[in-house]
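Here the structure comes first, spelled out in structure tokens, and everything after it is commentary.
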Amino acid sequence: MSEIKITIAGEAHVHFAEEICTMMEQAAQQRGTGIAKRSPLYVSAKMMEGKAVIAISGGVPVGFCYIETWGHGKYVANSGLIVHPDFRNTGLARDIKAEAFKLSRKKFPEAKIFGITTSLAVMKINSDLGYKPVTFSELTTDEEFWKGCQSCRNYDILTRTNRSHCLCTGMMYDPNKPAKPANKKLNKEERWERFKRFVKFQGFKEGADRLRQKIKNKSGNLKFNKLSWLSKISLF
């Protein structure tokens with residue numbers, strides 16, 4: 001397998017546009033799901049604008065992804081992620097997506113980056129980049145974006161549900177919502193100390209529960225004894 005070079009697409013890559021569009025269409029047919037169809041002219045324009053990432057191996061394109069902007073630059077989508085069948089399951093999709101994400105953050109630092117996909121692999125990549133699942137109502141309301149779904153075979157589901165959901169899952173990265181810090185990985189000693197604290201706490205909790213039950217029982221017996229004593233007193 002030849003070395004793979006991932007780079008920002010430009011004028012030198014325009015002649016690959018038709019081949020890339022064919023890859024996109026074939027992938028959609030194989031998966032039986034939808035990828036919004038794009039023309040070679042559209043893909044070429046993205047390359048000329050510096051809004052696309054391409055992977056080249058042996059002088060041919062083996063992967064691609066482009067950037068779209070919506071809502072006057074408030075929203076950005078990394079769309080059309082595609083990898084040649086011979087290069088799937090190699091981590092190439094993750095690398096391309098990471099470069100597209102980096103390019104999006106550089107060009108549109110304040111924009112919310114979102115995507116809709118049916119691919120579990122893409123969802124995992126998005127999640128690792130900081131995307132969170134969102135409802136469709138949180139995505140852009142730009143009609144041009146949703147028009148791009150018209151070429152998808154699942155478009156009727158989207159229209160029937162008044163654009164509330166489809167087979168795709170919506171995910172978004174919001175730069176104004178910092179990601180939660182990752183959980184620190186504990187070593188063996190730290191895990192043992194945490195376990196001992198847990199056991200100690202559980203023992204204390206169980207002891208407290210037993211004590212509460214004893215007090216409750218004693219209180220109940222006391223109340224019963226008082227009533228028994230009162231019943232023996234003759235008032236007349």
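Values quoted throughout were computed directly from the atomic coordinates according to the rules given, and no laboratory measurement underlies them. Only a predicted model underlies this, so the values are computations on that prediction, with no experimental measurement involved. Here the Cβ positions follow ideal geometry from the backbone for every residue, glycine too, while neighbour counts run over all protein chains shown.
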Checking rank on 56-66, 154-164, 74-84, with mean other Cβ inside 10 Å and highest first, the result is 74-84, 56-66, 154-164
Per the rule of 0.36 nm per residue minus the C-alpha distance, extending ARG197 to HIS15 adds in nm 59.1 nm
Nearest-0.05 FRET efficiency for ARG153 and LEU41 at R0 = 22 Å, using Cβ-Cβ distance, is 0.45
Quick calc, LYS188 & HIS72: beta-carbon distance into FRET formula, R0 45 Å, rounding 0.05, result 0.25
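Rounded to the nearest 0.05, what FRET efficiency do THR135 and GLN30 give with R0 = 22 Å and r taken as the Cβ-Cβ distance? Could you check?
Details: r = 29 Å, r/R0 = 1.31.
Here the calculated transfer efficiency is 0.15.
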